[in-house]
Amino acid sequence: MKELLTFDEEKNGFVVRSKLEGTKFIAILSGKADTIGAPALLDSFRQAQEQGEITDVLLDMSDLTYISSSGLRVLLTMKKSIGSGSFKMNGQNDTIKMIMEATGFADVL
């Protein structure tokens with residue numbers, strides 16, 4: 001059985017707890033994914049990519065309180081890198097949903 005790899009990052013109060021299970025990148029996000037914090041998610045994702053191919057992404061956004069355009073760009077970068085793979089976001093609060101819908105990202109991601 002392949003060892004479970006974890007990639008945790010924290011920047012400016014934005015916390016990413018992530019792991020790579022086979023080819024699936026799974027992350028629990030908490031805090032604000034703003035200009036300073038959002039790169040932590042991309043850092044975790046890239047560390048995981050160095051360990052192997054990622055075909056699917058699952059993000060738990062239950063504790064995410066805010067996402068800026070920088071955070072949205074990180075999500076788009078991740079989505080593009082997995083091509084036609086599965087990209088799922090769970091637990092979005094009303095504020096995050098509103099931001100996604102207002103910017104058109106709800107339809108893209």
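Just so you know, all these numbers are worked out from the coordinates, no wet-lab data involved. Being a predicted model, the structure only gives us computed values, none of them experimental. Every residue, glycine as well, gets a Cβ built from its backbone with ideal geometry; the counts of neighbours run over all protein chains shown.
Points worth noting:
- From largest to smallest, the equivalent ellipsoid semi-axes obtained for the range 38-81 from the alpha-carbon gyration tensor read 19, 11, 10 Å.
- Estimated [θ] at 222 nm from DSSP helical runs (n ≥ 4, -39500 (n - 2.57)) normalised by residues in the chain, nearest 500: -11000 deg cm²/dmol
- Relative contact order (%) - the chain, alpha-carbon pairs under 8 angstrom, separation at least six: 24 percent
- Going by neighbour counts of Cβ atoms within 10 Å, the residues LYS11, LYS97 line up, fewest first, as LYS97, LYS11.
- Across the range 94-108, computed HN-Hα scalar couplings (Karplus, 6.51 cos²θ - 1.76 cosθ + 1.60, θ = phi - 60°) run 4, 5, 5, 4, 4, 4, 4, 5, 5, 8, x, 6, 4, 7, 7 Hz from first to last residue, x flagging Gly and Pro.
- Kirkwood Rh and Cα Rg combined as Rg over Rh, evaluated for the chain: 0.94
- Once the Cα atoms are used to define both axes, helix 39-51 deviates from the longest principal axis of the chain by about 20 degrees.
- Taking every DSSP bridge with both residues inside the chain, close to 50 percent are antiparallel.
- Spatially proximal lysines relative to LYS32 (Cα-Cα < 16 Å; intrachain offsets below 8 disregarded): LYS11, LYS97
- Crossing angle, helix 69-81 versus the chain [Cα axis fit, 0-90 degrees, rounded to tens]: 40 degrees
- Net charge dipole size for the chain [Lys, Arg +1 and Asp, Glu -1 on Cβ; Debye, nearest 20]: 160 debye
- Ranked by how many other beta carbons lie within 10 Å on average, peptides 25-36, 53-64 from highest: 25-36, 53-64
- Dimensionless Rg/Rh of the range 47-109 - Kirkwood Rh, Rg from C-alpha atoms: 0.97
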